[in-house]
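Here is the structure we will look at.
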Amino acid sequence: MLPREAFDRTLELLRKHHEWMKTTINLIASENVPSPAVREALTADLGNRYAEGWPGERVYAGCIYIDQVELLAMELARELFKAEHANVQPVSGLTANLAAYTALAEPGDTMMCLSIASGGHISMGKKKFGGTAGAVHGLGVEYFPFNERRMNIDVDATAKKIAEVKPKLLTFGGSVFLFPHPVKELSEVAKEHGTRVMYDAAHVAGLIAGGQFQDPLREGAELMTCSTHKTLPGPQHGMILCKKELAEPVNKAVFPGIVSNHHLHAVAALAITLAEMFEFGKEYAAQIIKNARALGQALYERGFSVLCPDLGFTASHTLVVDITKYGDGGTLEQRLEKANIVLNRNLLPWDIREGRHYKNPGGIRLGTSEVTRLGMKEGEMGDIAEFIKRVVIDGENPERVAADVTEFRRDYQKVHYAFESATQAYEYIKVH
Ligand SMILES: *Cc1c(COP(=O)(O)O)cnc(C)c1O
C-alpha cells in the first residue's frame, strides 16, 4: 500500500468508527464517553511535551502551564475524593496499581485479592497467569474466599484466612463489581495482623466521586487507585489517592519508578473531568445506578438469569447475566455486536469448575455508564432489554435489530452531565 493510501485509509477508518458509535448501544462496563471539553484537552499540545518530576521541580523546561494544570488536577482530586494526597501521573489504572504495590509491598510478599473468575483484574493476577502482581512485582497472590450467591467477598472466611496467611496487603475492588466490598470489617482484621489495605476503584471511581457507592478511604483503605475513564468519565489515565504518610513512597513509585512521560494532555483532561464531576457527579452517579437496576429488572422480566435478583441485581453500574440457557458469552457477544449492541462476555465465578473457558464463558457483563451519559433514564432501559431479548431469546436476525437500534439512538447524541456540549458525543473532529 502506498503511504498516502495508508494515511487516507487510517483516517477513513477513524471516521467510520465514529459513525458506527453514533448508532450503537454501548454497554461495556469499563468504557464511557468523555465530555467535549475533555476531548478538546486530549488534542492539546500538552500531549507532545514532557514534564518528568513534580510540579515546580521538573527535570524539563517548558512546564509553565502544565505545572499549573497538574496542581489543579491534584487539588480537585483531593477535594472530590476527600483524600490527603493525590498523584495524577499514572498513565492507566494498571500502572496505578503497580505503583501502589511498589509503595506498599516488596517482591516476595503476599497480597490477597479477588480471583479473576470472581471479578479480579489481570493487574491482580498470579505469576503463572502473567498477572501484574505476580509476574511483574513478584507478589504471591492469595484469593479472597468468595460468596458466589451474593457476588461478594465472604467476610468470615476471609477474616480466618487473613489470620492464617498474614498477607502483607489486601486489595479490594475488581472488574466485576456489583456490590460494595466489606472494607470496613476486613480492615479491622487487617490491622490486627499488620496488613496494609488498598482499594482498586478503577470501575467505581465515578460512583464514589458522586457519593453513591462506598467511601473506601473512610472505611479503612489507606490508598485508592483508579482508572479515570470508566464510571469516572474522563481520559484514559490513572490516579492514586492516599494518606499523607504514603505521599512520598507513592510519588517515588510513580516517578521515577513507573512513568517517565505521564501524558500531560490526559492530566489536563482529568482536571476538566474532575471539575465536571464536582458539579454533576452526584446526579450522574445516582442515575447510572438507577439505570443499572432498571435494566436488570427489565432483563429479568424478559426471562434472563440476571445474577442476584434478591439483592436488586446490583448496587453499581454493572450487571452480570448467566447466559448459558441461550448459548455461550463469546458467541452471543458477537451476535449482539452485529445488532449494534456492544457488551462483554464474562466468566461466571463457577465457569471454570463447570469446564467453561474465558473465551466462551457462561456470562455477559453489562454497564450503564455510557448510556446514562447520553441522557437515557429508566424507561430507555426497557427498550434496551427488549433489543437484547430479540437477538438472544427470540433469535431474530441481528441486522434487523441493528436497524431499529440505529433509529432508537438518533435521539441520544449529546453528552449530558457536562458544562459544555456544543459538540456531539461521537462527532469526528477534523484537525488536519
Ligand atoms: C480496568 C481495571 C484496571 C486497569 O485499568 P486500565 O486503566 O485499563 O489500565 C485495574 N483494575 C481494575 C479492577 C479494572 O477493572
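Rule-based calculations on the coordinates, nothing more; no lab input. Quick caveat: nothing in here was measured; it's all calculated off a predicted structure. Note that each Cβ is placed from the backbone with ideal geometry, even for glycine, and that neighbours are counted across all protein chains shown.
At a glance:
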read-out	value
Relative contact order computed over the chain (Cα-Cα under 8 Å; 6+ residues apart), in percent	23
Long pairs among Lys290/Lys430; Lys282/Lys414; Lys126/Lys191; Lys230/Lys282; Lys126/Lys244; Lys128/Lys244, criterion Cα-Cα beyond 26 Å	Lys290/Lys430; Lys126/Lys244; Lys128/Lys244
Positive minus negative residues near Lys191 (Lys, Arg vs Asp, Glu; Cβ under 12 Å)	-2
Ratio of Rg to Rh over the chain (Cα coordinates, Kirkwood Rh, two decimals)	0.97
Long-range tail of P(r) for the range 39-275 (Cα pairs > 30 Å, %)	22
Within-12-Å neighbourhood charge of His317 [Cβ basis; K, R +1; D, E -1]	+3
GNM top mover of His121, His265, His18 - the chain, alpha-carbon springs below 10 Å	His18
Fraction of the pair-distance distribution of the range 271-354 above 16 Å, Cα-Cα pairs, percent	63
Gyration tensor (alpha-carbon) shape descriptor, the range 1-148, a/c threshold 1.5	oblate
Burial order of peptide ranges 243-252, 103-112, 316-325, 353-362 (average beta-carbon count within 10 Å, highest first)	316-325, 103-112, 243-252, 353-362
Residue-span extension gain [Glu79 to Glu337] - 0.36 nm each, minus C-alpha spacing	88.9 nm
DSSP bridge orientation in the chain - percent antiparallel, rounded to nearest 5	60
Length added when fully stretched, Ala135-Ala6, from 0.36 nm per residue minus Cα-Cα	42.7 nm
Dipole magnitude (debye, nearest 20) for the chain, charges at Cβ of Lys, Arg, Asp, Glu	700
Label point distance in nm, Ala247-Glu19, each placed 7 Å from Cα along Cα→Cβ	5.2
Val59 versus Glu106: modelled label distance in nm, points set 7 Å from Cα along the beta carbon direction	2.5
DSSP H segments from the chain that extend 24 Å or more along their own axis, Cα-based, with Kyte-Doolittle mean of -1.0 or above	64-80, 264-301
Cβ-defined net charge surrounding Gly211, 12 Å radius [Lys, Arg +1; Asp, Glu -1]	+1
Integer Hz, Karplus 6.51/-1.76/1.60 couplings in order for the range 315-324, x for Gly and Pro	10, 10, 8, 10, 10, 10, 10, 7, 9, 5
